Amino acid sequence: MAYVALYRQWRPQDFDNLIGQEHINTTLKNAIASGKVAHAYLFAGPRGTGKTSTAKILAKALNCVDGPTPSPCNKCPNCERITAGTSMDVFEIDAASNRGIDEIRDLREAVKFAPVEGRYKVYIIDEVHMLTAEAFNALLKTLEEPPAHVVFVLATTESHKIPATIHSRCQRYDFRRIPAADIEKRLAVVAADSGLDIDAEALELIARHADGGLRDALSVLDQCTALGEGRIDAAAVRGLLGLIGHEWVWRLTDAMAARDAAAVLLALEELVVLGKDVRQLLLELAQHGRSLMLYKAAPDAAGLETYSTDRTILAGQSAKFSHDELVRMIQILQSAANDAKWSAEPRITAEIALLAVCRRDDSGDLAALAARVAALEAALDGAGAPKPRPAAPPRPAPAPAAVHTPAPSPASASAADAKPAVAALHEGAGHKEIWDAVLKELLAEGKRSVHACVSQGELADLAAGQATVQFTSSFAKERSEKEDYRQIIEKGLAQITGRAIKLNCVSAAAPRPAKAEPAAARAGGAPEAGEDHPALHQALKMFGGKIIKQENNEEV
């Protein structure tokens, strides 16, 4: 007799043996016991979680000689034929290869006939999402109102591809991923029954690698039976599955935490020489990063399935990363694993990703950025740095003390000591030096456009925290009063005087011609009044352009 794979030998034959789907077992058993069997079911969920097995159990429960019953006997001819796949009343249809409208038309004709051996004809359409849109449309009416002796079971791993019109005509059951602990228990029973000597750690590794699918786990266990005689340990299973191993992952994680690019590249080189799959390495590093993130967020949480169960390792390595660093590391590794799947040189993809983790930038980490700002502030405070520049003490070079003024009288000595800069600034002789110092400061800071504008004015008065600057050009005055230029000028004044100064711009009284020249004289070539004005030439120098004459019809 031909060898039968373990996942076929151990396919559940009744609802009680269906692992990890208790919510579905209970509902279907109660529906059968109460006679409320629906005409169409939609089983959705990941692969290997028992969708097709549940459909066959439902078919046996409906067609068992003792039925309909929630507990089929598995001994009567109907149950045995359904188990063997030879029943004439149970039809398994693979929608991936029978997805056209012609196959669905044939099915619509076949459902009209009564069952041959049992009470119900059961149509199990696997991977139903593969049907074409036309095939779905052809199935709609039959699925909504089938004959009383027909039950449809639609199974799919991609329920989002099922049209809403199909959803509304079925009772939907969502199959969950089977917990790793339940898979491990089932594997232990199967291994003991098969006479397979295997370590508990190896079973745990298989259960975690199965990712919630019992069929995948049984297939891997079936492979282990071919490893040879003797006890099967975790190292053998890891080699069989092509896994990298905890030791290598921990070593690489420590190197990335230390930002040791050389150690990371050397470890990757060793793994490549050993024939390890680069994409598998990236996936396992991402899984371990997830374990560190979960442990850092909830160290006392129980029941979380992690890549590593060694809490000492999790505690030590999670402390070396911030939460944001772990999130970014996982994102980089997962993105690289996706790229490596299609890359001609996956090793280069892995090297780029690992170096990106090693040389991670803290600029996007708000906590790290806040810490850097706090450190800079502490360093400035420790060095005795001045506060914001407007409140800084006056500079020595342009200090008013350098102005040659008469010595103050004894009566005013105390006032001069209290406010030396202000006492000197009120002297008319000091205004020009202060204004020249402001202009030099603007040039030193590269504010040439501001300098070109304000150099057309002069400091007329400085009193009560206000600097009055007199301009001969109305344009220069208006431009200096704009918010951007005003802030720059006030900042320069504060740096020179050592206190906050408000800017007040005024226009100088310009002499106006006693009488405008006749238009005929201007037309004869006399220059237009104001064309030789210095402010006009300064504006042309700053902004370019040309002079356009405009007729003045105003009567003088």
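The values are calculated or read from the model by the stated rules, or taken from the named source; none is laboratory data. What you see is a predicted model, and the numbers here were worked out from it, not measured in a lab. Neighbour counts are summed over all protein chains in view; Cβ atoms, including those assigned to glycine, are modelled from backbone coordinates with ideal geometry.
Remark: Arg499 falls outside the filter, which requires a residue to be of a type in the set (Lys, Arg) and in a helix (DSSP H, G or I).
Just one residue in the set Thr52, Thr26 is of a type outside the set (A, V, I, L, M, F, W, C), touching a residue at least 60 places away in the same chain (Cβ under 8 Å) and under 23 Å from Thr157 (Cα atoms); that residue is Thr52. Remark: Ala452 falls outside the filter, which requires a residue to be modelled with pLDDT of 80 or more, in a strand (DSSP E or B) and surrounded by fewer than 20 Cβ atoms within 10 Å (Cβ to Cβ). Could you say whether any residue in the stretch 269-279 is touching a Ser or Thr at 6+ places or on another chain (Cβ under 9 Å), outside the structural domain of Arg186 (by TED's automatic domain parsing) and in a helix (DSSP H, G or I)? Taking every residue of the stretch 269-279 in turn, at least one turns out to be touching a Ser or Thr at 6+ places or on another chain (Cβ under 9 Å), outside the structural domain of Arg186 (by TED's automatic domain parsing) and in a helix (DSSP H, G or I).
Counting only helices (runs of 4 or more DSSP H) that fall entirely inside the stretch 174-263 and contain at least 3 residues that are aliphatic (A, V, I, L, M) and at pLDDT 90 or above, the qualifying elements are 180-194, 214-224, 246-257.
Check whether at least one residue in the stretch 261-270 is within 26 Å of the chain's Cα centre (by Cα), surrounded by fewer than 18 Cβ atoms within 10 Å (Cβ to Cβ) and within 22 Å of Lys320 (Cβ to Cβ), and report yes or no. The answer is yes, given that some residue of the stretch 261-270 is within 26 Å of the chain's Cα centre (by Cα), surrounded by fewer than 18 Cβ atoms within 10 Å (Cβ to Cβ) and within 22 Å of Lys320 (Cβ to Cβ).
Hey, does the stretch 148-166 have a residue that's under 38 Å from the mean Cα position of the chain (by Cα), surrounded by fewer than 16 Cβ atoms within 10 Å (Cβ to Cβ), touching a residue at least 24 places away in the same chain (Cβ under 8 Å) and not in a helix (DSSP H, G or I)? The answer is yes; a qualifying residue exists.
Conditions (1) more than 24 Å from Ile57 (Cβ to Cβ); (2) touching an Asp or Glu at 6+ places or on another chain (Cβ under 7 Å), marked per residue:
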| position | (1), (2) |
| --- | --- |
| Ser87 | no, yes |
| Ile104 | yes, no |
| Ala110 | no, no |
| Val151 | no, no |
| His160 | yes, no |
| Ile178 | no, no |
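Residues of the stretch 58-83 that are over 48 Å from the mean Cα position of the chain (by Cα) and either modelled with pLDDT under 90 or not in a helix (DSSP H, G or I) (or both): Cys64, Val65, Asp66, Gly67, Pro68, Thr69, Ser71, Pro72, Cys73, Asn74, Lys75, Cys76.
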